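Below is one structure; the comments refer to it alone.
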């Protein structure tokens, strides 16, 4: 399974916000820290805000911050929110239309099982697993501060 850059950017956004919690950070700050598109990060932050992972405050002291504790933000949930594809292969309407062998094909079940296994692993980790270790957090913060 290949994730889009949207998932990658969402994880990076959450890591940065989580490392700076409870301080409000701006999308511009995150975009500059990672040298990523402000537009893409803004769009992703809106999805994460709408779904209760981030909270936003407008105004001079505004920005975004975590709306939940890092251990309450499942990596699997982030992928489900961001990734549009619900299956690994679209046998119904994919390239070339409905696959001729679909009624007898066992691959559909195997791919569904593989996707399920992927999310079982992703659901077993949270944002806290990425930032809670003090050594990891310090190393990440040093990367951002050295630029």
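Couple of notes before you dig in:
- Residue match in the stretch 82-96 (condition: closer than 20 Å to residue 132 by Cα, modelled with pLDDT of 90 or more and in contact with a helix residue (DSSP H, G or I) (Cβ under 6 Å, 6 or more places away or on another chain)): no
- Each residue in the stretch 64-81 was checked for being in a helix (DSSP H, G or I) and under 18 Å from residue 117 (Cα atoms), and 7 pass.
- Residue 86, sole failed condition from (1) within 23 Å of the chain's Cα centre (by Cα); (2) farther than 30 Å from residue 26 by Cβ; (3) assigned to a helix (DSSP H, G or I): (3)
- Scan of the stretch 59-79 for residues that are touching a residue at least 24 places away in the same chain (Cβ under 8 Å), surrounded by 14 or more Cβ atoms within 10 Å (Cβ to Cβ) and in contact with a strand residue (DSSP E or B) (Cβ under 8 Å, 6 or more places away or on another chain), ordered by number: 63, 64, 65, 66, 70, 72, 73, 74, 75
- Filter result (part of a helix (DSSP H, G or I) and either touching a strand residue (DSSP E or B) at 6+ places or on another chain (Cβ under 8 Å) or farther than 19 Å from residue 17 by Cβ (or both)) within the stretch 132-147: 135
- Hey, residue 56 over 16 Å from residue 78 (Cβ atoms), in contact with a helix residue (DSSP H, G or I) (Cβ under 9 Å, 6 or more places away or on another chain), part of a strand (DSSP E or B) and at pLDDT 95 or above or not: yes
- The condition of being touching a strand residue (DSSP E or B) at 6+ places or on another chain (Cβ under 8 Å) and more than 21 Å from residue 120 (Cα to Cα) holds for only one of 41, 54, that being 54.
- Leading residue by the ranking (surrounded by the most Cβ atoms within 10 Å (Cβ to Cβ)) among those in the stretch 89-131 that are touching a strand residue (DSSP E or B) at 6+ places or on another chain (Cβ under 9 Å) and assigned to a loop (DSSP other than H, G, I, E, B): 125
- Exclusive hit being under 12 Å from the mean Cα position of the chain (by Cα) and free of Cβ contacts under 8 Å to residues at least 40 places away in the same chain, set 5, 42, 10: 5
- Search result, residues across the stretch 46-58 that are without any contact (Cβ under 8 Å) to a residue 24 or more places away in the chain and surrounded by 14 or more Cβ atoms within 10 Å (Cβ to Cβ): 46, 49, 55, 56
The values are calculated or read from the model by the stated rules, or taken from the named source; none is laboratory data. The structure displayed is predicted, hence computed values, not measured ones. Cβ sites come from the backbone with ideal geometry, for glycine too, and all protein chains shown count toward neighbours.
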